[in-house]
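Reviewing the structure listed below.
What follows is calculated from the coordinates using simple rules that are stated; it is not laboratory data. Please read these numbers as outputs of a predicted model, since none were measured by experiment. Neighbour counts run over all protein chains shown; Cβ positions are idealised from the backbone, glycine included.
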There are 2 protein chains.
Amino acid sequence: MSTIRDVANRANVCVATVSRMLNKPEMVSQSTRKRILAAMEELNYHPNEMARSLSTKRTHIIGVIIPNTSLPLFGALADAIESSCADNGYKLLLCGSRGNADKESSMMAMLLANKVDGIILCASLRNPDAYMNIDLPIVSVDRIIPNIPSVSCDNFKGGVLAARELIDSGCRYPVIVNNVPGTQTTAIMRSKGYKYECERLGYEYREIILTNEQFFDCEFDAITDAMKNPDYPVDGIFITGDTHAANLKRFCARRGLETPRDYKLIGFDGTDLMDYLDLSTISVPIVELGALAVELLIKRIEKQSVPERSLLPASLIRRSSTSKDA
Amino acid sequence: MSTIRDVANRANVCVATVSRMLNKPEMVSQSTRKRILAAMEELNYHPNEMARSLSTKRTHIIGVIIPNTSLPLFGALADAIESSCADNGYKLLLCGSRGNADKESSMMAMLLANKVDGIILCASLRNPDAYMNIDLPIVSVDRIIPNIPSVSCDNFKGGVLAARELIDSGCRYPVIVNNVPGTQTTAIMRSKGYKYECERLGYEYREIILTNEQFFDCEFDAITDAMKNPDYPVDGIFITGDTHAANLKRFCARRGLETPRDYKLIGFDGTDLMDYLDLSTISVPIVELGALAVELLIKRIEKQSVPERSLLPASLIRRSSTSKDA
């Protein structure tokens, strides 16, 4: 393998010049620069970025902590972040937390030890203290953490749009299907928006709470039971996640219940899956979210100030599952 | 921020001992080790892995070059690779190539410059020479590249299973929908297996070739036209990719054609999407593929020999789109 000395010899300059060219190219004349680049190319020389980072104190590596890229939303988010990093000359260390708070903490320590320049965090929020005293630029995606800038979708507005769509499509007994209340600011804001709009339009606010296990195992009997409740026969469902909406549609179909004939259904995320299933959803601008997270993180790395909270608009994608004429 | 010197002072040892403990912990007595770890914890000290890697000549970073994690198959593959890396004490640099050969080459150079310990490559194969003279352990996923160990699904067997399933479900005029022939060994083997089984069972081998653009824009008129061809009225379709299968199902549904009534359909990949759409598919063992790629790469990094080719079994997932009683 070629060394910096080989390059210097070939280009007929001293080692210090090659080093200068790698770290501060503007300080080397254009003709010398060209000669060194040609020598690097001929010798197939790759400067040791790791060694360089020790002197520049920059690795140009960003770490991302994200639950799981095999879920459509996070796969798309990782892709958007990676693409935006590459466009800006940064590399991306991918850490899959599976929403496990312990894993998150050890990944945080690993990223610190590897001297990444900054972290994009899609946190489980089970121990928010863990993120508070990190001596490194962090940007949080779709989670509110004190003292850390966040970018998120306007989840409140998304909840408003979902409630309005169910009611506009003729539902008289709408319901929101929620996770057990936790620290997930995303879910909290979606449900607040939904509640606000229901009450504004003169409808009752009703929710069905499921455990993580029930969501995971697709145990949706509580929902189909509620459809048969004579006091409040649920006819419209807002379930805050596309995968959950897809699972629910399948669960209902196996019991002979179809959208929009027997009930209306709207999800949240805006993934392609909803298009294939002809399901309405609230769309999260995921590519823009990823790009903005990278932009803000780079600004923070460069010691520029950034807004504490950035909200990107949620929008309604209407499909047959909330069509009126059923 | 604390330094190694602070840790040494707090633990009442010399700097060399802390350094030894970080690099060769087995050479430090247990009581000293405990004292140093406690000091590191108290001082919130994170050893500089980057600096350490310069002396150990190992970064414990693996690079992965993969088209796009927003596609279900690659999102799942990235997740499997990341998870397996983490289990083995490696970190993952994620590079999204979008199947662009130029991007792939520059990512390869970037990974070399960053002194990753090895690369997992899901290559576009548009310029296989680019991968041949890399002075670094590489493992290729689902692509055959000379002199590089590969792990892949048994794509030939997958093609065999798809042909047999269409014929078993009663198709008399099966067809394979293929990409313009290229260097994609994956697609070539699937189509060879399909052809082999068709001919073995006494059926004609027919294919419909579409361009990348036609796949991307879901221009499937050639397929629906073929269904109306009186000489060979296509009644069974093997399309080598789940997303393509989903797109085709939607395209046909908009023209009043439904599976299994009007045609049988089988995809390839085995992603969750097929379950939601009730479509048969050939399943790629993606978690096992990712784990095996990491295992082989680590063996190569540790200078152990590994098999040149590893094939994991493909399997049929039967759903209503290839059911007989339609």
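The table below gives the values:
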| item | result |
| --- | --- |
| Pair B:Phe251, A:Glu308: separation of 7 Å Cα→Cβ label points (nm) | 5.2 nm |
| Cβ-vector label at 7 Å, B:Pro233, separations to other copies in nm | 4.4 |
| Convex hull volume of chain A per residue (C-alpha atoms, cubic angstrom) | 161 Å³ |
| Degrees between helix B:185-200 axis and first principal axis of chain B (Cα, 0 to 90, nearest 10) | 40 degrees |
| 20 °C / 1.002 mPa s Stokes-Einstein diffusion coefficient of the range A:74-155, Kirkwood radius on C-alpha pairs, µm²/s | 161 µm²/s |
| R0 of 25 Å, Cβ-Cβ distance A:Ser320-A:Cys218: FRET efficiency to nearest 0.05 | 0.70 |
| A:Cys198, B:Cys85 arranged by Cβ crowding within 10 Å, fewest neighbours leading | A:Cys198, B:Cys85 |
| Cα-projected label distance for A:Thr211 with A:Asn133, points at 7 Å along beta-carbon direction, nm | 3.5 nm |
| Footprinting exposure proxy for B:Cys252, A:Cys95 (fewest neighbouring C-beta atoms within 10 Å first) | B:Cys252, A:Cys95 |
| Cross-link table A:Lys91/B:Lys115; A:Lys115/B:Lys303; A:Lys91/B:Lys91; B:Lys57/B:Lys303, entries beyond 20 Å C-alpha to C-alpha | A:Lys115/B:Lys303 |
| Folded to 0 to 90 degrees: helix B:242-253 orientation relative to chain B principal axis, Cα | 30 degrees |
| Fluctuation leader among A:Leu279, A:Leu22, A:Leu111 - chain A, Gaussian network, Cα springs under 10 angstrom | A:Leu22 |
| Nearest-ten-degree value, helix A:72-87 long axis tilted from longest Cα axis of chain A | 30 degrees |
| Peptide B:10-17, shielding by other chains (average Cβ, 10 Å cutoff) | 0 |
| The range B:79-232 - Rg and Dmax from Cα coordinates, angstrom | 19.4, 60 |
| Residue and distance (whole Å) for the chain B Cβ nearest the axis that superposes B on A | B:Gly75, 1 |
| Net charge of Cβ neighbours under 10 Å - reference A:Ile62; Lys, Arg +1; Asp, Glu -1 | -1 |
| Among A:Ser124, A:Ser150, A:Ser106, residue whose mean-square fluctuation peaks in a GNM of chain A (springs only between Cα atoms under 10 Å) | A:Ser106 |
| Exceeding the 19 Å Cα-Cα cut-off - candidates B:Lys157/B:Lys192; A:Lys249/B:Lys324; B:Lys195/B:Lys228; A:Lys228/A:Lys264 | A:Lys249/B:Lys324; B:Lys195/B:Lys228 |
| Between the range B:279-300 and the range A:212-237, the alpha-carbon center distance in angstrom | 37 Å |
| Sorted largest first, extent of the range A:175-326 alpha carbons per principal axis (Å) | 60, 33, 30 |
| DSSP beta bridge pairing in chain A, given as percent antiparallel to the nearest 5 | 10 percent |
| Cα-based radius of gyration of the range A:4-47 once divided by 2.2 N^0.38 Å, which approximates compact folds | 0.96 |
| Sorted by Cβ neighbour density within 10 Å, fewest at the top, the residues B:Thr259, A:Thr17 | A:Thr17, B:Thr259 |
| Shortest-first distances to equivalent copies, position A:Ser323, nm, label 7 Å out along Cβ | 2.4 |
| Evaluated over the protein assembly as shown, the Cα radius of gyration and Dmax, each in Å | 27.6, 89 |
| Cα-centred dipole magnitude for chain B, charges only on beta-carbon of K, R (+1) and D, E (-1), debye, nearest 20 | 1160 debye |
| Cα centre as origin, Lys/Arg/Asp/Glu Cβ charges: the protein assembly as shown dipole, Debye | 2060 debye |
| Cα-based reach from B:Lys299 at 14 Å (exclusive), listing aspartates and glutamates while leaving out same-chain residues under 8 positions away | B:Asp117, B:Glu308 |
| Estimated 222 nm signal from helices in chain A, with DSSP H stretches of n ≥ 4 weighted -39500 (n - 2.57), rounded to 500 | -13500 deg cm²/dmol |
| Loop GluC sites (Glu not before Pro), the range A:119-225, which have at most 14 other Cβ atoms in a 10 Å radius of their Cβ (DSSP) | A:Glu204, A:Glu219 |
| Label point 7 Å beyond Cα along the C-beta direction, distances from A:Cys218 to other copies (nm, shortest first) | 2.2 |
| 10 Å Cβ neighbours from other chains, averaged over peptide A:93-105 | 3 |
